[in-house]
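> Okay, handing you the structure first.
Taken together, the values in this text are just the output of simple stated rules run on the coordinates, not laboratory data. Please read these numbers as outputs of a predicted model, since none were measured by experiment. Quick reminder, even Gly has a Cβ in these numbers, built from the backbone with ideal geometry, and neighbours come from all protein chains shown.
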Amino acid sequence: MSEKQLLGIGSRVRHPAYGDGAVIRLHKAAYDVCFMLYGIKQVGKDYEKWEIIEAVTPEEGISFNEIEKSMIKVLRSFSDITEEVPLGNRWEGGTMILRPGEEGLKEKDLPIETFFHKIVMVRDRLRVMEQRINSSGLSDEEKVNLQQYITRIYGSLTTFNILFKYKEDYFSGEKP
């Protein structure tokens, strides 16, 4: 890094000793960085031996909500976490009924919460797959080809958006 690059909260870094981490707080001369394996460490702003994976521009005033979104993004990038996504109020306590088209076969009742949880797990695992594709040694062309399949999968899952409480949690496929 020839010219000093200031990092903002949510910037992702790779330290030679501590591994992958994210900037969580800014000080006058240092960053507080949360490392996946070593917890929170303070690193001087003049430190040059780490790799900057993703730089976020520092902003003057940053809200807790913005910090929280950044941390969720970082955790999603480095792990196989499942975030808690709220089910729409109208579906809480509901039941999904699977009725066979063939006479004489029994219906299957399934709590909507169980079905919803499985849909959210699929989404979270797709996100992890995207991150692993992006950080793999594949060529850019191979990455783009695989990303197109994932985008189409998201598009197929838009049917289930009705179950989500917030639009920000919706699946979205290809943009026109």
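> Once amide H atoms are placed 1.01 Å from N in the peptide plane, what residues at a sequence separation of 5 or more from R25, or on another chain, have their amide H within under 5 Å of its amide H?
Long-range HN contacts for R25: D32.
> Can you compute the FRET efficiency between Y166 and K108 using 1/(1 + (r/R0)^6), with r the Cβ-Cβ distance and R0 = 25 Å? Round to the nearest 0.05. Working shown, then result.
Numbers: r = 29 Å, r/R0 = 1.16.
It comes to 0.30.
> Could you give the dipole magnitude of the range 89-169 about its Cα centre, charging the beta-carbon of Lys and Arg +1 and that of Asp and Glu -1, in debye to the nearest 20? Display every interim value, and only then the final one.
Numbers: 13 positive and 13 negative charges, 25 e Å.
My answer is approximately 120 debye.
> Then there's this: At what distance in nm do the modelled label points of L98 and M129 sit from each other, each positioned 7 Å from its Cα along Cα→Cβ?
2.0
> If I model a spin label at E141 and M121 as a point 7 Å from the Cα along the Cα→Cβ vector, what separation in nanometres do I get?
Computed distance between label sites E141 and M121 equals 3.8 nm.
> What are the chymotrypsin sites (Phe, Trp or Tyr not before Pro) within the range 77-167 that DSSP puts in a loop, where the Cβ has at most 10 other Cβ atoms within 10 Å?
Working: sites: F78, W91, F115, F116, Y149, Y154, F160, F164, Y166; in loops: Y166.
Listed in order of number, the matching sites are Y166.
> For a Förster distance of 25 Å, can you work out the FRET efficiency between the beta-carbons of I53 and R25, rounded to the nearest 0.05? Show your work: numbers first, answer last.
On the way: r = 18 Å, r/R0 = 0.73.
Computed FRET efficiency for I53 and R25 comes out at 0.85.
> Based only on other Cβ atoms within 10 Å, what is the fewest-to-most ordering of T114, T151? Don't jump to the answer; show the numbers that get you there.
Details: T114 10, T151 15.
Going from least to most buried by this count: T114, T151.
> Still on this structure, please answer the following. What pairs from K4/K28; K118/K165; K108/K167; K49/K143 go past 26 Å between their alpha carbons? Show your work: numbers first, answer last.
Working: K4/K28 14 Å; K118/K165 16 Å; K108/K167 29 Å; K49/K143 28 Å.
Too far apart for the 26 Å limit: K108/K167; K49/K143.
> For an R0 of 41 angstrom, estimate the FRET efficiency from the Cβ-Cβ distance between Y149 and K41 and round to the nearest 0.05.
Details: r = 38 Å, r/R0 = 0.93.
Efficiency, from the Cβ-Cβ distance: 0.60.
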